[in-house]
Amino acid sequence: QVQLVESGGGLVQAGGSLRLSCEASGSIFSLNIMGWYRQAPGKQRELVGTITSFGTTNYADSVKGRFTISRDNAKNTVYLQTNSLIPEDTAVYYCNVKIRPTRWDPWTDYWGQGTQVIVSS
């Protein structure tokens, strides 16, 4: 069984920073793309950014230059460094990881439980 556990959310003033973490544990044969999504109140979930197993990153235009995604393959962990936060960044942030639990399983999307980020003006 695979589990994703997130941490690092909280309340921060505009202009501040937070570092989110997401660790995958359990039955894991292989990890592929790891990413972060967010969902603000009354809005659909949107992509924040992704990182491949080779370290190639992709970001939403709204966070480019302010957010950085990184990963530690040895720890099965993905990070989201958020800088220069603005109130519009307020949302629940979810990690998403494509995992093969065993060599016989297909790639499957797994989601974290979500961590709240609130940016005050």
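Quick notes
- Condition met for GLY65 (modelled with pLDDT of 95 or more, small (Gly, Ala, Ser), closer than 19 Å to GLU23 by Cβ and not in a helix (DSSP H, G or I)): no
- Check on THR56, open to solvent by 50 Å² or more (accessible area, probe 1.4 Å), within 13 Å of the chain's Cα centre (by Cα) and more than 15 Å from SER30 (Cβ to Cβ): no
- The range 112-121: number of residues that are under 20 Å from THR77 (Cβ atoms), open to solvent by 50 Å² or more (accessible area, probe 1.4 Å) and either in a loop (DSSP other than H, G, I, E, B) or in contact with a Cys (Cβ under 7 Å, 6 or more places away or on another chain) (or both): 1
- One residue stands out among those in the range 46-62 that are in a loop (DSSP other than H, G, I, E, B) and in contact with a strand residue (DSSP E or B) (Cβ under 9 Å, 6 or more places away or on another chain): the one that is farthest from GLU88 (Cα to Cα), which is SER53.
- Of the residues making up the range 86-105, those that are assigned to a loop (DSSP other than H, G, I, E, B) and either in contact with a helix residue (DSSP H, G or I) (Cβ under 9 Å, 6 or more places away or on another chain) or closer than 16 Å to TYR37 by Cα (or both) number 1.
- Count of the range 68-78 residues which are open to solvent by 60 Å² or more (accessible area, probe 1.4 Å) and assigned to a strand (DSSP E or B): 1
- Applying the condition of being in contact with a Ser or Thr (Cβ under 7 Å, 6 or more places away or on another chain) and of a type in the set (A, V, I, L, M) to the range 6-30 and asking which residue is most open to solvent (accessible area, probe 1.4 Å) yields LEU11.
- Subset of the range 79-105 (residues that are closer than 19 Å to THR50 by Cβ and open to solvent by 20 Å² or more (accessible area, probe 1.4 Å)): TYR79, GLN81, ASN83, VAL92, TYR94, LYS98, ARG100
- Of GLY35, GLY16, GLY10, all but one fail to be on the phi > 0 side of the Ramachandran plot and of a type outside the set (Val, Ile, Thr); the exception is GLY10.
Here's the yes/no breakdown for (1) outside any loop (DSSP other than H, G, I, E, B); (2) out of contact with any Phe, Trp or Tyr (no Cβ under 7 Å at 6 or more places or on another chain):
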residue: LEU4; (1), (2): yes, no
residue: ILE33; (1), (2): yes, yes
residue: TYR37; (1), (2): yes, no
residue: PRO41; (1), (2): no, yes
residue: GLN44; (1), (2): no, yes
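- Residue match in the range 13-30 (condition: within 14 Å of the chain's Cα centre (by Cα) and more than 17 Å from GLY114 (Cβ to Cβ)): no
- Failed condition for LEU20, given (1) in a strand (DSSP E or B); (2) of a type outside the set (Val, Ile, Thr); (3) without any contact (Cβ under 8 Å) to a residue 24 or more places away in the chain: (3)
The values are calculated or read from the model by the stated rules, or taken from the named source; none is laboratory data. If you're wondering where the values come from, they're calculated on a predicted model, not measured in any experiment. Please note: Cβ atoms are built from the backbone with ideal geometry, for glycine as well, and neighbour counts cover all protein chains shown. Please note that ligands, DNA and RNA were not included when accessible areas were found on the heavy atoms of the full protein model with its side chains. Shrake-Rupley method; radii C 1.70, N 1.55, O 1.52, S 1.80 Å.
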